[in-house]
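Notes follow the structure.
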Amino acid sequence: MIQLAYQPAYDPFHTVMRMIRIADFMVTPPSVGQARIADFYLSFPERLDDVKFPRGMRGRLRPALAGVPPHYGAAPADETVLRKMRPIQDAAMQTLLGNGSLDHDAFEAGTVALDLDSVSDLLLARAQALNAEGKPLVELIRDLIAAVPLEGVDGLKHRTGLGEYRYDAV
């Protein structure tokens with residue numbers, strides 16, 4: 001497949017930065033599945049409009065999307081896009097593990113925890129600046145992931161449509 005237009009969602013280096021951003025803005029380290037979904041919505045914030053938010057959160061959507069440029073043209077289904085992003089997300093997490101930026105033991109346990117001592121100060125400062133620029137969006141994604149479990153009926157995969165939830169062991 002030849003890609004004629006640049007899409008940051010499919011750029012491994014851009015994905016590394018988004019993973020650092022996610023690990024930085026989450027209060028508790030997210031699971032790998034939660035990090036994948038957070039990465040999807042950082043890449044395609046306009047698609048948050050299709051999420052079934054918990055009570056009281058939907059009102060925060062418009063302010064969060066205020067600075068997001070509109071998306072033009074037909075796009076594949078969200079689950080298809082996330083499936084295409086998965087190998088790039090895997091490569092980004094493996095890169096961060098390889099250079100020591102992610103905690104290896106936490107990753108083996110299924111979470112994405114940043115090792116702040118291993119991330120360069122310049123890179124971390126840039127990630128924090130990007131998070132500050134998009135604060136309403138980042139906080140909405142963070143709060144959604146914190147408020148909703150990943151699996152099961154009414155879980156994050158079900159509410160976002162970004163994964164099969166019917167066979168989850170809950």
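Listed values, structure above:
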item	result
Pair list, Cβ < 7 Å and 6+ apart or interchain, from region 45-60 residues that are at negative phi to residues that are surrounded by 12 or more Cβ atoms within 10 Å (Cβ to Cβ) and not in a helix (DSSP H, G or I)	P45/L65; P45/V68; E46/L65; E46/V68; L48/L65; D50/G161; P54/V148
Check on V27, of a type in the set (V, I, T) and within 23 Å of P87 (Cα to Cα)	no
Filter result (open to solvent by 60 Å² or more (accessible area, probe 1.4 Å) and either under 20 Å from D50 (Cβ atoms) or not in a helix (DSSP H, G or I) (or both)) within region 122-141	P136
Output for region 27-60, where each listed residue is within 11 Å of the chain's Cα centre (by Cα) and open to solvent by 20 Å² or more (accessible area, probe 1.4 Å)	S31, V32, G33, Q34, R36, L42, S43
Enumeration of residues in region 9-53 that are in contact with a helix residue (DSSP H, G or I) (Cβ under 6 Å, 6 or more places away or on another chain), more than 10 Å from I141 (Cβ to Cβ) and of a type in the set (G, A, S)	A9, A35, S43
Filter result (out of contact with any Leu (no Cβ under 7 Å at 6 or more places or on another chain), without any contact (Cβ under 8 Å) to a residue 60 or more places away in the chain and not hydrophobic (A, V, I, L, M, F, W, C)) within region 111-127	D117, S118, S120, D121
Checklist (1) assigned to a loop (DSSP other than H, G, I, E, B); (2) open to solvent by less than 30 Å² (accessible area, probe 1.4 Å); (3) free of Cβ contacts under 8 Å to residues at least 40 places away in the same chain applied to A5, failing item	(2)
Residue in region 43-61 that is touching a strand residue (DSSP E or B) at 6+ places or on another chain (Cβ under 8 Å), under 30 Å from L116 (Cβ atoms) and in a helix (DSSP H, G or I) present	no
Residues that are part of a helix (DSSP H, G or I), out of contact with any Ser or Thr (no Cβ under 9 Å at 6 or more places or on another chain), under 20 Å from E151 (Cβ atoms) and not charged (D, E, K, R), drawn from region 21-39	I22, G33, A38
Out of G73, G110, sole residue that is more than 16 Å from the chain's Cα centre (by Cα) and small (G, A, S)	G73
Tally of residues being assigned to a helix (DSSP H, G or I) and either of a type in the set (A, V, I, L, M) or open to solvent by 20 Å² or more (accessible area, probe 1.4 Å) (or both) across region 72-121	26
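The values are calculated or read from the model by the stated rules, or taken from the named source; none is laboratory data. None of these values were measured; they are calculated from a predicted model. Note: ideal-geometry Cβ built from the backbone for every residue, glycine included; neighbour counts use all protein chains shown. Side chains are part of the model used for accessible areas, which takes the heavy atoms of the whole protein and leaves out ligands, DNA and RNA. Shrake-Rupley method; radii C 1.70, N 1.55, O 1.52, S 1.80 Å.
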